[in-house]
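A.B. asks: Here it is, the structure in full.
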């Protein structure tokens, strides 16, 4: 089967369904007359599915699938419309065992990577919940997409359809049409919720980027071009990925520069303003999710700020990026020494200039080993640049580190332990590394 196959699944019940003119929501000019809402959904859909799968009980098969000469069943209508179809016998679903059986049988029918359309009009009232669970499950396990979730609202009021005489062309009556609602947004909201939760809880923006991509594509496709808020949506997607990947890969210069964090916060603010002014349409249930994203990244709003490294370490601790947290915390201390040194020399800070960075780096080991007053014990770079080393020793950052020498030593040891994969005598336990990172962060972030 093609991975891009469109599958239409519906449940056929045993009710006494009456002929009705159904129309797809908000488009009463486009309607279809039938006893069965799923037949109308099939006829009014934009895509023509490759296969129709009808789920039915034994009673439904007898009453509404086969039908009679004066009351044709669904099978005859599917044949007349030329659809390929299959049936799947299911239980009523009145016990957990039966519900699990329905889930298993339908799940096995769905091909990997397919686009699934589901009409739940004629199902028992409790089955829509199972349908939503099934589709969510299939999205995760089989990478399917949801094309539509349809419900023929037979009880709803609708516009009147004039019935005319085919011979005299006079109106001889009228029929109230019924809307078919597309509830696919419920599935989309599940996707948004899962993606935002993954970002908020795990710091992973990849799923959120995919959701924003899909949203962008659907809006452009629906509006046949640009739409209000398009630039902000694209900027949020790009900057979320860039910010999180910079942290995950310890891109210290980019984290200090923080251009992506500034642009991300600006885009989120602009989008929120547009929503308040109703300049763009965005489903109301999604707005709190955007607020969660903004709350998560609001610290990253200052450009060219060494403290962004501390925000990155906090991000690492919150999301279990322990190795990255130790690496970035150590480099923050080096950068703080450099920052104080260059400012004392009334120079612009250069985070990578040699030999300044090598000396600042060496000073961490000198302070940790308590050999600040023993130049003969200094590492080569510091020993070869004694004047530069002495200038840096006089900075406030070094003075603060001297009072926290014990914590600095713990940081260097833990960082070496984790970066060498614990191949050393008495390696730390993973849980202890995580807990120690928080303690060291709280102590060293103010140096």
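Only the coordinates and a few stated rules stand behind these numbers; no lab work does. Quantities reported herein were computed from a predicted structural model and do not represent experimental measurements. Note that we place each Cβ from the backbone using ideal geometry, even for glycine, and neighbour counts take in every protein chain shown.
A.B. asks: Under the Kirkwood approximation for Rh and a Cα-based Rg, what ratio Rg/Rh is obtained for the chain?
C.D. replies: On the way: Rg = 32.0 Å, Rh = 26.9 Å.
That ratio equals 1.19.
A.B. asks: Sort 276-285, 406-415 for me by packing, meaning the mean count of neighbouring Cβ atoms within 10 Å per residue, highest on top.
C.D. replies: Numbers: 276-285: 11.4, 406-415: 18.0.
Packing order, densest peptide first, comes out as 406-415, 276-285.
A.B. asks: Okay, next question. Between 0 and 90 degrees, rounded to the nearest ten: what's the tilt of helix 287-297 against the longest Cα principal axis of the chain?
C.D. replies: That helix lies at roughly 10 degrees to the long axis.
A.B. asks: On a C-alpha basis, how far is the centre of the stretch 244-278 from the centre of the stretch 205-234 in Å? Whole number, if you could?
C.D. replies: 17 Å
A.B. asks: Next up: Can you show me the helix-derived [θ] at 222 nm for the chain, built from DSSP H runs with n ≥ 4 at -39,500 (n - 2.57) apiece and divided by the number of residues, rounded to the nearest 500.
C.D. replies: Numbers: 18 runs with 233 residues, N = 447.
Computed mean residue ellipticity for the chain: -16500 deg cm²/dmol.
A.B. asks: Report the Rg/Rh value for the stretch 5-111, based on alpha-carbon coordinates and the Kirkwood definition of Rh.
C.D. replies: Values: Rg = 14.4 Å, Rh = 14.7 Å.
Reported Rg/Rh, Kirkwood definition of Rh: 0.98.
A.B. asks: To continue, here is another question. If I take the Cα coordinates of the stretch 136-261 and project them onto the principal axes, what are the three extents in Å, biggest first?
C.D. replies: Sorted from largest, the Cα extents of the stretch 136-261 read 81, 33, 22 Å.
A.B. asks: Using alpha carbons only, how many degrees (0 to 90, rounded to 10) separate the axis of helix 308-318 from the longest principal axis of the chain?
C.D. replies: Helix 308-318 and the main axis of the chain meet at about 60 degrees.
A.B. asks: Expressed as an acute angle from 0 to 90° and rounded to the nearest 10, what is the orientation of the C-alpha long axis of helix 184-202 relative to the principal long axis of the chain?
C.D. replies: Roughly 10 degrees, rounded to the nearest 10.
A.B. asks: Which whole-angstrom value gives the distance between the alpha carbon centres of the stretch 104-133 and the stretch 47-74?
C.D. replies: 16 Å
A.B. asks: Normalised by the number of residues in the stretch 297-447, what is the relative contact order in percent for Cα pairs under 8 Å and 6+ residues apart? Spell out each step's value before the answer.
C.D. replies: Working: 143 pairs, mean separation 39.6, N = 151.
Rounded, it is 26 percent for the stretch 297-447.
A.B. asks: Still on this structure, please answer the following. With a 10 Å radius around each residue's Cβ, average the other Cβ atoms per peptide and rank 194-201, 153-160, 260-267, 380-387, highest first.
C.D. replies: Values: 194-201: 17.5, 153-160: 13.0, 260-267: 20.6, 380-387: 14.5.
Most protected by this proxy first, the peptides run 260-267, 194-201, 380-387, 153-160.
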